[in-house]
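What follows draws every value from the coordinates through simple rules; no lab data is involved. Since the structure is predicted, the reported quantities are computational estimates derived from the model, not experimental observations. Ideal geometry is used to build each Cβ from the backbone, glycine not excepted, and the neighbour counts take in all protein chains shown.
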Amino acid sequence: QVQLVQSGGGSVQAGGSLRLSCSASGATLSNYFMGWFRQPRGKEREFVAAISKNGSSKNYADSVKGRFTISRDNAKNTVYMQMNSLKPEDTAVYYCAATPKTLTDWGTRTYEYEYWGQGTQVTVSS
């Protein structure tokens, strides 16, 4: 079974930075389209960023564009999300997700992904 293990969450002040990691076991990550989603407390899960299997195509939510960067290192079987200029409204539980499908659209919907990480808390204080 494919397992996604996340790390890198924590608490920072507004304007700070964090880097999230998502490592796969039981699978070769290069075979998977990857996404990041987040779920603020009391709200629904929302799309943050996505990356194609070879890293050539990336998509971002408007709310994070210019501040967050998704990347992947298939040799390390890991995807990353660098988060800069963090704002209190970025506070949420962040999840990585994977699908073996080659998505032809934006990969913004939760139902497009079969595998999910355990989630990690990101808290940004003002």
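Structure above, values below:
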| item | result |
| --- | --- |
| Net +/- balance of residues flanking Leu20 in space, Cβ distance below 14 Å, scoring K and R +1, D and E -1 | +2 |
| Most mobile listed residue (Gly107, Gly26, Gly35) in the chain, GNM with C-alpha springs under 10 Å | Gly26 |
| Hits among aspartates and glutamates - C-alpha to C-alpha of Lys43 under 19 Å, sequence gap 8 or more where chains match | Asp62, Glu89, Asp90 |
| Mean separation of Cα contacts under 8 Å (6+ apart) over length of segment 39-126, as relative contact order % | 30 |
| Proximal lysines relative to Lys87, as straight alpha-carbon distance under 16 Å, when same-chain residues fewer than 8 apart are discounted | Lys65 |
| For the chain, built as a Gaussian network whose Cα springs stay under 10 Å, the top-fluctuating residue of Arg109, Arg72, Arg19 | Arg109 |
